[in-house]
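Student: Below: one structure in structure tokens.
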Amino acid sequence: MKFKVARRKIEKCKECGFCALICPSHDNCIGCGACVDACPYEARVLEEISERRKEIKIKVNHERYEVPGGITVLRALELIGFTTLPFKDEKGMWELSETEILAPCRTGGCWSCAVIINGNLKPSCVTPAEEGMEIITDKDAIEKKEPKRVVSGFQGHAVGGVGTPYWIKPRTLGLGFRFIEVACFSHGCILRCPTCQNWEITYSAVEEEPLSPVEAARLVSYERRRFGVDRMAISGGESTLNRRWLLEYLKELKRLNRDKKARLHVDTNAVVLTEDYIDALYLAGATDIGADVKGLELDTFAEITGIKDREFAKKLLNTEWKAIKYLGENYSDKMFVGIGIPYNEALVSLDEIYKIGERIAGWSPDVQVCALDYRPAFRRMDLKKPSYLDMLKVKEVLEGSGLRCVICQTEFGRIGP
């Protein structure tokens, strides 16, 4: 039988130790691929090997099965007939059949793929299948358990995110320093951006304790009181991957912060943000949302996100743009909406930036658009960070496209509007 095993490319390895930090099974590789996705030097690869392995006995929904040892629970479920999906057709994204499991991040961060293992909720993507394990995939049984996901980095934030209004953001970095909101960061992401600006959080899920929505909401509320701010943000990684967790988190955060000044801010890459999900976020209490646009052309989107499967990339890109359109046309008067556009000349042209702005302006010319100066990070340390003048040009291009509220992030602070 064929199995996938992670191998190290010695010539590329920098001995940073990050792969060891995130490995869920140090003694025996289970082929989850988390270390491959997370290695900043691309020194880890998944190789396919053929070998005989001892069978282990497990129970799934009270039925007995035998599967090979040394694999993940998610892979074991696939072998007995389950279908695992990183993304489903947009209209049915959050409606899964009894034999479908949504596994968007596959690094143990989002817990969307969680099943009940020996009585406890666990992420199937990085949990080793073991002898005698009892697994329940029944959705009704899972929903009786408190949802969890990995969230960390509870802290004051001085700059804010894409969904932070420009009039709150500081104009100059380092002068008159003050916190404008508190934030937490969800681990796990469906994208594999080579330029990931927050990769150490995105991929470091295995050693972190998962939190329930109630636990996370209490921590954020405490930080709000400690820093004396009104805005409470969740970013990532990608915050929207575990829909049930995020909606319950927002509801609890709203319950704990009943005053009219409280602002509940969600930052997202928008690639799984369906229209009904946006409606649900609003009803759950979200007051501010920041959504990224990682390109207009498929080639650009694939380059920025690292998604190699073009059909998959096309689905994510289409969902992202539909979300932006829906937000602009239906929620500009209900929530504060901000749209982020990553810029680096090595990733996207000014001509495409203009076309992105033109499309957004056609739906909502007054929406806040924030151009982000993508710095060298993760696997693209070869990039040159855009200069102040580069970002000033981006601002001119976006305003020329018809947008009336443009801000640009620069090395010295923000420009505009």
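Just so you know, all these numbers are worked out from the coordinates, no wet-lab data involved. Predicted model, so just to flag it, every value in this text is computed and none were measured. Neighbour counts run over all protein chains shown; Cβ positions are idealised from the backbone, glycine included.
Student: Among F336, C196, V229, which residue has its Cα furthest toward the positive end of the charge dipole of the chain, with +1 on Lys/Arg Cβ and -1 on Asp/Glu Cβ?
Tutor: The residue sitting most towards the positive pole is V229.
Student: Right, something else. Can you put T195, T83 in order, fewest other beta carbons within 10 Å first?
Tutor: Ascending number of Cβ neighbours within 10 Å: T83, T195.
Student: Still on this model: What whole number of Å gives the distance from the Cα centroid of the range 250-293 to the Cα centroid of the range 1-72?
Tutor: Cα centroid to Cα centroid, the span is 36 Å.
Student: In terms of Cα to Cα distance under 20 Å, which lysines are near enough to K395, apart from those fewer than 8 places away along the same chain?
Tutor: Within reach: K169, K294, K355, K384, K385.
Student: Quick one: Cα centre-to-centre distance for the range 89-123 and the range 343-417, in angstrom?
Tutor: What the calculation gives is 35 Å, centre to centre.
Student: Still on this structure: Distance from a point 7 Å along Cα→Cβ of L21 to each backbone N in the range 181-205: keep the residues under 13 Å and list them by number.
Tutor: The answer is 198-205, whose backbone nitrogens lie closer than 13 Å to the label point.
Student: Can you list the residues, at least 5 places off or on another chain, whose amide H is less than 5 Å from the amide H of D292, using H built in the peptide plane?
Tutor: For D292, whose amide H was placed from the backbone, the distant partners under 5 Å are T268, N269, A270, G340.
Student: According to the square roots a ≥ b ≥ c of the eigenvalues of the Cα gyration tensor, what is the shape class of the range 192-302, taking rounded for a/c under 1.5, prolate for a/b larger than b/c otherwise, and oblate for the remainder?
Tutor: On the way: a/c = 1.92, a/b = 1.46, b/c = 1.32.
Prolate, since a/c reaches 1.5 and a/b exceeds b/c.
Student: Cross-link candidates for K144: which lysines have Cα within less than 30 Å, leaving aside residues fewer than 8 places away along the same chain?
Tutor: K57, K59, K88, K91, K122, K251, K254
Student: Just want the ordering: E200, E11, E146, from fewest to most Cβ atoms lying within 10 Å of their own Cβ.
Tutor: Ordered from fewest to most neighbouring Cβ atoms within 10 Å, E200, E11, E146 come out as E11, E146, E200.
Student: Let me have the 222 nm mean residue ellipticity of the chain computed from DSSP H runs of 4+ only, each contributing -39500 (n - 2.57), with the sum over all residues rounded to the nearest 500.
Tutor: Values: 12 runs with 121 residues, N = 417.
That comes out to -8500 deg cm²/dmol.
Student: Given a Förster distance of 25 Å, report the FRET efficiency between T83 and R244 from their Cβ-Cβ distance, rounded to the nearest 0.05.
Tutor: The value I calculate is 0.80.
Student: Could you tell me which residue out of I58, V126, M93 lies farthest along the dipole of the range 2-143 toward its positive end? Charges go on the beta carbon: Lys and Arg +1, Asp and Glu -1, centred on the Cα centre.
Tutor: V126
Student: What percent does the relative contact order of the chain come to when contacts are Cα pairs within less than 8 Å and at least six residues apart?
Tutor: 13
Student: Is any helix in the chain, taking whole DSSP H runs, at least 24 angstrom long along its axis by alpha carbon and on average at least -1.0 on the Kyte-Doolittle scale, and which ones?
Tutor: In the chain, the long hydrophobic H runs are 310-330.
Student: Is the shape of the range 25-161 rounded, prolate or oblate, going by the alpha carbon gyration tensor and its root eigenvalues a ≥ b ≥ c, with a/c under 1.5 for rounded and a/b larger than b/c for prolate?
Tutor: oblate
Student: Can you give the relative contact order of the range 1-113 as a percent, counting alpha carbon pairs under 8 Å and 6+ residues apart? Walk me through the numbers before you get to the answer.
Tutor: Details: 155 pairs, mean separation 25.5, N = 113.
Dividing the mean separation by the residue count of the range 1-113 yields 23 percent.
Student: Would you list the P(r) distribution for the chain, with all Cα-Cα distances sorted into 20 Å bins from 0 and each bin expressed as a whole %?
Tutor: Result returned by the calculation: 26, 57, 16, 0.
Student: Now for a separate question. So if we plug the beta-carbon distance of Y166 and K14 into 1/(1 + (r/R0)^6) with R0 = 45 Å, what FRET efficiency do we get, rounded to 0.05? Present the calculation step by step, with values, prior to reporting the outcome.
Tutor: On the way: r = 39 Å, r/R0 = 0.87.
Plugging the Cβ-Cβ distance into 1/(1 + (r/R0)^6) gives 0.70.
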